[in-house]
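Report on one structure; see the data block that follows.
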Amino acid sequence: MNQIAADPESLQSRLDVAMISIDRVTALTGLLAVEDVAAAFARLSSLEQVAIFGCIEADLHKAREALLRAAGCDDGTNVRRPGS
């Protein structure tokens with residue numbers, strides 16, 4: 001029997017992690033789309049800008065991992081990674 005179907009709570013938990021991560025990325029990118037915020041971002045140092053993009057990358061990684069696990073690919077080895 002499929003592990004996903006056998007444990008609906010685990011599936012929901014993984015989907016919740018993915019949705020929270022995606023919501024965080026959406027909120028942050030939405031802020032960066034505001035003209036005043038974009039101007040303030042442009043005045044940040046490269047290190048600060050990299051840190052912000054690192055947060056976005058981390059959230060997207062969490063979402064991807066949670067979705068892969070929800071799909072039954074626990075370690076992600078069965079799915080081709082983007083860019084590879």
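The values are calculated or read from the model by the stated rules, or taken from the named source; none is laboratory data. Only a predicted model underlies this, so the values are computations on that prediction, with no experimental measurement involved. In this analysis, Cβ positions are derived from the backbone assuming ideal geometry, glycine residues included, and neighbour counts consider all displayed protein chains. Note: accessible area is taken over every heavy atom of the protein model, side chains too, but ligands, DNA and RNA are not part of it. Shrake-Rupley method; radii C 1.70, N 1.55, O 1.52, S 1.80 Å.
Multiplying the residue separation of Ala58 and Cys73 by 0.36 nm and removing their Cα-Cα distance gives an extension gain of 3.5 nm. Remark: spin-label model distance Glu48-Leu28 equals 1.6 nm, labels positioned 7 Å along the Cα→Cβ axis. Here the stretch 7-60 has 65 percent of its accessible surface on carbon and sulfur atoms, given a 1.4 Å probe and all protein chains in place. Taking 0.36 nm per residue of separation and subtracting the current Cα-Cα distance, fully stretching the chain between Asp36 and Ser10 would add 5.3 nm.
Pairwise Cα separations in the stretch 13-57 fall into 5 Å bins from 0 onward with the following percentages, short to long: 5, 21, 24, 23, 13, 8, 5, 1.
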